[in-house]
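Report on the following structure.
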Amino acid sequence: MSITLGSAALPTFTTALSNLAHLMDKAEANATERKFNPDVFCTLRFAPDMLPFTAQIRIACDAAKNGTARLAGIEAPKFEDNETTFAELKARVAKTLAWLATVQPSQLDGREAVEITFPVGRDATRTMTGQAYLLHWAIPNIFFHVTTAYDLLRQAGVPLGKADYLVGPSATR
């Protein structure tokens with residue numbers, strides 16, 4: 001059986017966000033155990049010119065929902081980007097996962113050669129075929145932001161490992 005856009009995109013995005021939710025659950029439990037508010041995680045960043053943890057979560061969700069919508073040729077839900085608490089960020093991940101579950105793989109399949117134009121930065125766009133967009137933009141983008149969120153939490157002392165990143169709630173420790 002051939003790999004299709006639907007069979008590649010939807011499980012990849014869903015797994016990445018499900019594992020991100022797992023990382024966030026562990027971070028929240030760790031904050032409780034260490035007796036501090038998990039909202040402290042929201043402002044984490046590695047460098048002054050880097051987007052904070054809140055933005056990493058928002059962009060990971062946007063990469064999944066907007067990527068899926070562009071590939072399927074449908075409208076993505078609009079989120080306000082106003083989350084300021086850890087609980088609100090967790091809700092955004094859950095809301096994105098719920099929306100992804102409504103999209104059928106067949107909505108993406110056969111759109112490998114469709115040209116997709118999307119924003120890159122504030123004043124620029126880029127155009128790629130559906131297949132190139134998925135493989136060279138959307139998937140790397142979600143993994144970049146999920147990995148950055150993982151790294152920020154790990155650097156903050158949350159006991160996360162590779163299994164947490166790769167298999168999420170199925171990770172055994």
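The values are calculated or read from the model by the stated rules, or taken from the named source; none is laboratory data. The structure displayed is predicted, hence computed values, not measured ones. Glycine gets a Cβ as well: all are built from the backbone with ideal geometry, and neighbour counts include every protein chain shown. All accessible areas refer to the heavy atoms of the entire protein, side chains included, with ligands and DNA or RNA removed. Shrake-Rupley method; radii C 1.70, N 1.55, O 1.52, S 1.80 Å.
Using amide H atoms built in the peptide plane, which far-off residues or other-chain residues are under 5 Å from Asp109 H to H?
Under 5 Å from the amide H of Asp109: Gly6.
Return a whole-number percent for the relative contact order of the chain, with Cα pairs under 8 Å and 6 or more residues apart as the contact set.
Relative contact order of the chain: 36 percent.
So, counting K/R as plus one and D/E as minus one, what does the shell of residues with Cβ under 13 Å around Arg34 add up to?
Charge balance near Arg34 sits at 0.
Can you list the chymotrypsin sites (Phe, Trp or Tyr not before Pro) in region 43-146 that are in a DSSP coil and have 16 or fewer other beta carbons within 10 angstrom?
Listed in order of number, the matching sites are Phe46, Phe79.
In whole Hz, what ³J(HN,Hα) sequence does region 145-161 give by Karplus (6.51, -1.76, 1.60; θ = phi - 60°), x for Gly and Pro?
My calculation for region 145-161 gives 6, 5, 5, 5, 4, 4, 4, 5, 5, 5, 5, 7, x, 6, x, 10, x Hz in order.
What number comes out for accessible area per residue over the chain if the probe is 1.4 Å? Units Å², please.
52
If I compute solvent accessible area with a 1.4 Å probe over the protein chains, what percent of it on the chain is carbon and sulfur?
With neighbouring chains kept in place, the figure for the chain is 56 percent.
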